[in-house]
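Structure first, commentary second.
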Amino acid sequence: MNERVYNNKIERLRFEERIERLQVENVVGHSLAGKQSSSLLDVGTGSGLFAEAFLKKGLRVAAVDINQEMLDAAKPFLPGCELKIAPAENLPFADKTFDIVFMGVVFHEVDDYKKTLEEAKRVAANYVVLLEWKYTVEDFGPPLEHRIKPEFLKTLSDEVGLENIETIPLKHLVLYKLAV
């Protein structure tokens, strides 16, 4: 079992305190700024918290997760959305299917960072957006050794050919917006 993968109760993903800490509306606004976007893939959707927020903004949304229980929990919040079981490293969609590929506090959990970014780039037409924990010790979120160093992400994005990392600092998180 991957110790970096979220394994607490699904209901905790929608606690009010967590929603506030994740700054969902702020994240959605920053993610949609820039190129006109009408479709989004939420990778590692969990309970569908971010996918639901993007859906409410009028986007065509699809979501993947490696856990069927997560998809079952997300389904009531995502009417009409395509939900599939898939790892971030092997997305079951054609090239450039979505304007945005979004990963909300999930990139630090993947098994292969480079393959994940390559797949996200392949499926995205405009942006790959990663919301991650700040690389600092905090009393909430994963331990420091599971967090992503900004320098590591910059090197990785250069290797896979993603352009211009826009770094948007939030209170507890960092939003990385990478142009495809």
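Table for the structure above
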| quantity | calculated |
| --- | --- |
| Neighbours by Cβ (under 6 Å, 6+ apart or cross-chain): first from region 165-180, modelled with pLDDT of 95 or more; second part of a loop (DSSP other than H, G, I, E, B) and not basic (Lys, Arg) | LEU170/GLN23; LEU178/LEU162 |
| Close pairs from region 145-158: first touching a residue at least 24 places away in the same chain (Cβ under 8 Å), partner among the charged types (D, E, K, R) and in a loop (DSSP other than H, G, I, E, B), Cβ under 6 Å, at least 6 apart | HIS146/ARG4 |
| Tally, over region 99-112, of residues that are out of contact with any strand residue (DSSP E or B) (no Cβ under 7 Å at 6 or more places or on another chain) and within 23 Å of LEU49 (Cα to Cα) | 3 |
| Of residues in region 137-180 being among the small types (Gly, Ala, Ser) and under 18 Å from the mean Cα position of the chain (by Cα), the one surrounded by the most Cβ atoms within 10 Å (Cβ to Cβ) | SER157 |
| Residues that are under 15 Å from GLY141 (Cα atoms), hydrophobic (A, V, I, L, M, F, W, C) and touching a residue at least 60 places away in the same chain (Cβ under 8 Å), drawn from region 12-46 | LEU13, LEU22 |
| Scope region 122-133; condition touching a strand residue (DSSP E or B) at 6+ places or on another chain (Cβ under 7 Å) and more than 15 Å from LEU40 (Cβ to Cβ); matching residues | GLU132, TRP133 |
| Residue in region 9-18 that is modelled with the lowest pLDDT, counting only those that are more than 18 Å from the chain's Cα centre (by Cα) and either within 16 Å of MET70 (Cβ to Cβ) or of a type in the set (Gly, Ala, Ser) (or both) | LYS9 |
| Sole exception among (1) closer than 24 Å to PRO169 by Cβ; (2) among the aliphatic types (A, V, I, L, M); (3) loosely packed, with under 15 Cβ neighbours inside 10 Å for ALA94, by number | (1) |
| Qualifying residue in region 20-34 (condition: at pLDDT below 95, among the polar types (S, T, N, Q) and buried (at least 22 other Cβ atoms within 10 Å of the Cβ)) | no |
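The values are calculated or read from the model by the stated rules, or taken from the named source; none is laboratory data. The shown structure was predicted, so the numbers you read here are calculated from the model rather than taken from an experiment. Note: ideal-geometry Cβ built from the backbone for every residue, glycine included; neighbour counts use all protein chains shown.
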